[in-house]
Structures are given as C-alpha cells and as structure tokens.
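K.L.:
The structure under discussion is supplied below as structure tokens; questions concerning it will follow.
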Amino acid sequence: MELDAQVAAARDLVERSDSIRVVSHHDVDGISAAAIITNFLRGKGKRFICSLLKNVNGELRSVFQEDRDLFIVCDMGSAEIEALEASGKRVIILDHHRPIRESQSDSVIQINCHLHGIDGSSEACAATMAYLFAGDVSLVSFMISGALGDRQGTDFRGLNKKLVDEALEKKVIEKRMSLVIDCYDRSSLQRMLESSIAPFFRGISGRSAEGVAKALEGKSEKTINSFLLASLIEQGCREDVIDDLVGYVYRLPFMGMNSQELLSLFSVCDGLDMAEKGLAMALGDRSSYEEILERREQYYRRAIGGLTALELSGAVKMSALQYFYNEDLGMSGLYCGIGMRYLFDQKMPTLAMTKTRDHTKISSRGTKHLVGRGLNLALAMKEASEKVGGSGGGHDIAAGATIPNGREEDFLSEADGILARQLGL
Ligand SMILES: [Mn+2]
C-alpha cells in the first residue's frame, strides 16, 4: 500500500475508535513521537493512555493484554509485528527500525519508512512518521527534536528535510547556523558559557564568564561564534570535534524554544528516568516543565563540578592511552567523552576507572579521528579485560569493561599495549 493510503487508513481507524492506547520508547525520539500522537488525539477529542517503555518486550506484551479499541505503537513494533498480529488487536505501527516483513493482516497497519524507500537511520525517525500521520504543522517542534535525538543531522535529509522545508516555507519555524551549545541556562551569553558541558570551555565552564561576555558584548553572532571556536582550538580541540559543534538551530513553535533546548530537556527526561514528565510538558503541563528544568540544573551542576575537577587534575598518560579515576559511576561515560573531546590529549583514547565494591568499571572514549587511525575500543576493552579475568565490549569509538578489584594496573598495561598496536604508537 502507498504511504498516503496507509496514513489515510490509519486516520480512519482513529476516527472510529474511542479508547486508544499509545506506547512509545523512553528515548528522545520516542518521547517526541508520543508528544505528536497524544497532542493529535487530544485535538480530536479522543480518550487515550500513553506509556513510554524502556524494556520493550516484556512491557509491550502486558500493554497488549488491555482491552482497547486501538493501539498506536511508536518507535518500535516492526520487530514485534508477529506478536502484534497474533494479539488480534487493531494496531497502527509508526516505526523507522528495519522491518522484518510487510504487514499481512487487516488488523495491523505498519507505517514504516523503510517499506517506502526511505532510510530510517538518516532520513526519518519515529517522530517523522508520527508527524506525517498527524499532518499538523504546529507539531513540527517534536518532529525536529525526535530527529535530533536519533542523530539524524541538523540540516536533515530525505523525508525529514522535505517536512522541515515545508514548515520553514510556512514560516512556522526558522533556522540559522550556530554553535551548538549543551548548557542548562540560555538566559544570556555569559550564563550559556558558564553552564555549558559540551563544549566544555577551559577556564570558563563552571567558572565566571563575565570577562569573556563583556568583551563580546554587542558583537555579531558570527564574531562571537568565531571567537568561541578559536578558543576551543586554542585549548587543543581537533577540527573534527569542532565541526560537529556547528549546525542549524531551529526556532520552534513549542513554547518559543529553540531546537537545542527542547532536545536537552527531552534528553534529561530520558537520562533521569522521567520520560513521562517530558510528555506531560509537551501536552502543556507547566509544572512538569519546571520540574524538568530543576532536575536538569542539578544534573548539569553535578557534571560541571566533576568536569571542573577533571580539568584541574588532568588524566594520567601512558604510551597509547590516558586514564583517570572517578568515584561517580553514573557520570563516568559523560566525563570520559567530554574529557576526551575538550580537555585531554587528542592523540590517544581516554579511560575512566571507577572502583565499586566488587569490581572496577571502565568507560573508554575515542574520537572519529582516532577511529580513522585504527582505534577499536570494543576490541581493546574486550581483550585487555579478558586477560585479567573481566569482560568488556562496545563500539570502536566508545566501549566499556568490568574487571576484578586489584587488577587495574595489569589491565591498564594490557590495554596500553593493545592500543599502541592499533594506533601505531
Ligand atoms: Mn527512534
């Protein structure tokens, strides 16, 4: 069936249903897709319940025990299509993960971009499919946050681009090229720099940016951005890291926010286990919005505290890796990644070591540049940890390991040898 015809059939199902069950993922794209669907259903005066799932398999099964006229499943469902069809319920799937096959029953409408020649990793996310289904340009904010959350670029491609261009043309959104700053306070340039964790500005983030902000007062955005990029180069950042910081930022209809701000709020909701607060905010609940702001500030302050300490202490360098010990296990990955990109030696990967009661946990991060030179942290973490009776794995650019207490030195020298061979150091 053509995409248009599928969407029309799905909307018709909604019209004929009174009680509707929505399920979506707990991540930024999932929250965004749910925000679109629930706003759409509310506009139609429909009764609905929505939940945001972390553990898809188990939770999805229990949701499908419920007695409802219609189920709308976002950002998942294509992989579970056999079970959904077997449930005998009426279902609309809005997904961008690779489908295992087309839908063959009358009760399940599978709207998946891949079945229409659209790539679900770069050209459309679940929020894109939900937005297409809702057909309401006033909900475009959440389509953009979903695509950003699933890292589909800021200039967008394919279906994402087509839909964003339409909204730009209708002047519902605006875009401009900007430095992408991940901070908790956008009230002024000074506060943005002080509260930024990525980029982490040496000597400024977590400290006072009064001097810098004064010097930049009244300057054009272009001048300000060039100054900030130059200071990142000066603190040792590589070009590939800096390239990733420049992109389009969109002014959105939702609460007049910019796209980076909405992405940051939804990311906090995912990371701090409060996805449903993000959804409530998207449905207009002011107190949820305020709660998210508060939790985000706490979280960023904690991160900035740790990063400032790391800026001062630095990392211990071996021949092909650098490492530091960190007590705050929940922050290890973040510290490791930000330290790698903004604070430490760009010639070698970074490891964060955290001692827990039974084990020592290791996070490791590299850069695209290092991966281009042969870095494969997944392999290095696996091999080095297995040598000392632990285990590990992950991706070439980011991986982790767990080793027995007391084996840290042996692990580090194993990892250093493996990484030296990978990088030819
Ligand atoms: Mn997704």
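K.L.:
If all Cα-Cα distances of the stretch 135-241 are sorted into 10 Å bins from 0 onward, what percent lands in each bin, rounded to whole numbers?
P.N.:
13, 37, 29, 20, 2
K.L.:
Then there is this: Please calculate how many Å² of accessible area the chain carries per residue, with a 1.4 Å probe and no DNA, RNA or ligand atoms counted.
P.N.:
Here the residues of the chain average 44 Å² of exposed surface.
K.L.:
State, to one decimal in nm, how far the label point of Asp136 lies from the label point of Glu386, with both points 7 Å from Cα in the Cβ direction.
P.N.:
5.3
K.L.:
At a 1.4 Å probe, what is the % contribution of carbon and sulfur to the accessible area of the stretch 212-264? Each step should come with its number before you reach the end.
P.N.:
Working: 1460 of 2730 Å².
Whole-percent figure for carbon plus sulfur exposure: 53.
K.L.:
Separate question: Can you give the FRET efficiency to the nearest 0.05 for Asp285 and Asp240, using r as the Cβ-Cβ distance and R₀ = 45 Å?
P.N.:
FRET efficiency, Asp285 to Asp240: 0.65.
K.L.:
Taking θ = phi - 60°, what integer Hz values does the Karplus form 6.51 cos²θ - 1.76 cosθ + 1.60 yield along the stretch 95-109, in sequence order, with x for Gly and Pro?
P.N.:
9, 10, 7, 4, x, 7, 5, 6, 6, 10, 10, 7, 7, 10, 9
K.L.:
Under the √(5λ) rule applied to the eigenvalues of the Cα gyration tensor, what semi-axes describe the equivalent ellipsoid of the stretch 363-425? Give them in Å, descending.
P.N.:
Numbers: eigenvalues 77, 29, 12 Å².
Here the semi-axes work out to 20, 12, 8 Å.
K.L.:
Let me ask something additional. Give me the base-10 log of I(q)/I(0) for the chain at each q in 0.06, 0.14 Å⁻¹, Debye formula, one uniform scatterer per Cα, rounded to two decimals.
P.N.:
The computed values of log10 I(q)/I(0) come out as -0.28, -1.28.
K.L.:
Please get the size of the charge dipole for the chain, origin at its Cα centre, with Cβ charges of +1 on Lys and Arg and -1 on Asp and Glu, quoted in debye to the nearest 20.
P.N.:
660
K.L.:
On to the next question. Residue by residue, what Karplus-based ³J(HN,Hα) values in Hz, rounded to whole numbers, does the stretch 357-365 have, using 6.51, -1.76 and 1.60 with θ = phi - 60° and x for Gly and Pro?
P.N.:
Once rounded to whole Hz, the list reads 4, 9, 9, 10, 9, 10, 10, 9, 9.
K.L.:
Over the stretch 103-197, with a single point scatterer placed on each C-alpha, what log10 of the ratio I(q)/I(0) does the Debye formula yield at q = 0.14, 0.15, 0.22 1/Å?
P.N.:
Each listed q corresponds, in turn, to -0.62, -0.69, -1.11.
K.L.:
Calculate, in nm to one decimal, what Asp185 and Met255 gain on full extension: separation in residues at 0.36 nm each, minus their alpha carbon distance.
P.N.:
Details: separation 70, 0.36 × 70 = 25.20 nm, distance 1.58 nm.
My answer for the length gained is 23.6 nm.
K.L.:
Of Leu307, Tyr335, Ile144, which is farthest towards the positive pole of the chain's charge dipole, taken about the Cα centre with +1 and -1 on the beta-carbons of Lys, Arg and Asp, Glu respectively?
P.N.:
Checking the options against the dipole of the chain, the answer is Leu307.
K.L.:
Let me ask you something else. Which whole-angstrom value gives the distance between the alpha carbon centres of the stretch 252-278 and the stretch 40-64?
P.N.:
Centre-to-centre distance over Cα atoms comes out at 19 Å.
K.L.:
Just report the Cα centroid separation between the stretch 193-224 and the stretch 93-168, whole Å.
P.N.:
Their Cα centres are 36 Å away from one another.
K.L.:
A further question on this structure: Count the lysine pairs in the stretch 313-388 whose Cα atoms lie under 24 Å apart, taking only pairs 8 or more positions apart in sequence or on different chains.
P.N.:
For the stretch 313-388, the number of qualifying lysine pairs is 14.
K.L.:
Please work out how much length the chain gains when fully extended from Lys170 to Ser208, using 0.36 nm per residue of separation minus the C-alpha to C-alpha distance, in nm with one decimal. If you can, show how the numbers build up before the last one.
P.N.:
Numbers: separation 38, 0.36 × 38 = 13.68 nm, distance 4.08 nm.
Value of the extension gain: 9.6 nm.
K.L.:
Ignoring any ligand, DNA or RNA, what whole percent of the accessible area of the stretch 157-203 comes from carbon and sulfur when the probe is 1.4 angstrom? List each step's numbers first, then the result.
P.N.:
On the way: 1120 of 2260 Å².
With neighbouring chains kept in place, the figure for the stretch 157-203 is 50 percent.
K.L.:
Given R₀ = 25 Å, what would the calculated FRET efficiency be for Ser51 paired with Asp12, taking r from the Cβ atoms and rounding to 0.05?
P.N.:
FRET efficiency, Ser51 to Asp12: 0.50.
K.L.:
Quick one: net charge of Arg157's neighbours, Cβ under 10 Å, K/R +1, D/E -1?
P.N.:
With Lys, Arg at +1 and Asp, Glu at -1, the neighbours total -1.
K.L.:
Given a 10 angstrom Cα cut-off, can you work out which residue in Asp155, Asp270, Asp182 is the most mobile in a GNM of the chain?
P.N.:
Comparing Asp155, Asp270, Asp182 in a Gaussian network model of the chain, the most mobile one is Asp155.
K.L.:
Let me ask you something else. Karplus couplings for the stretch 64-78 from phi (6.51 cos²θ - 1.76 cosθ + 1.60, θ = phi - 60°), rounded to Hz, Gly and Pro as x?
P.N.:
6, 6, 5, 9, 9, 5, 8, 10, 10, 10, 10, 6, 6, x, 5
K.L.:
For the stretch 314-423, would you read off the P(r) tail past 15 Å as a percentage of all alpha carbon pairs?
P.N.:
56
K.L.:
Counting only the backbone N, which residues of the stretch 261-280 are under 17 Å from the spot 7 Å out from the Cα of Leu293 toward its beta-carbon?
P.N.:
261-269, 277-280
K.L.:
As a test of understanding, state the convex hull volume per residue of the stretch 177-307 from its alpha carbons, in Å³.
P.N.:
114
K.L.:
For the stretch 314-423, which whole percent of the accessible surface, found with a 1.4 angstrom probe, sits on carbon and sulfur atoms?
P.N.:
That share works out to 49 percent.
The values are calculated or read from the model by the stated rules, or taken from the named source; none is laboratory data. It should be emphasised that the depicted structure is a prediction, and the values quoted were computed from it without experimental measurement. A quick note on method: Cβ atoms are made from the backbone with ideal geometry, for glycine too, and the neighbour counts reach across all protein chains shown. Accessible surface areas use protein heavy atoms only, side chains included; no ligands, DNA or RNA. Shrake-Rupley method; radii C 1.70, N 1.55, O 1.52, S 1.80 Å.
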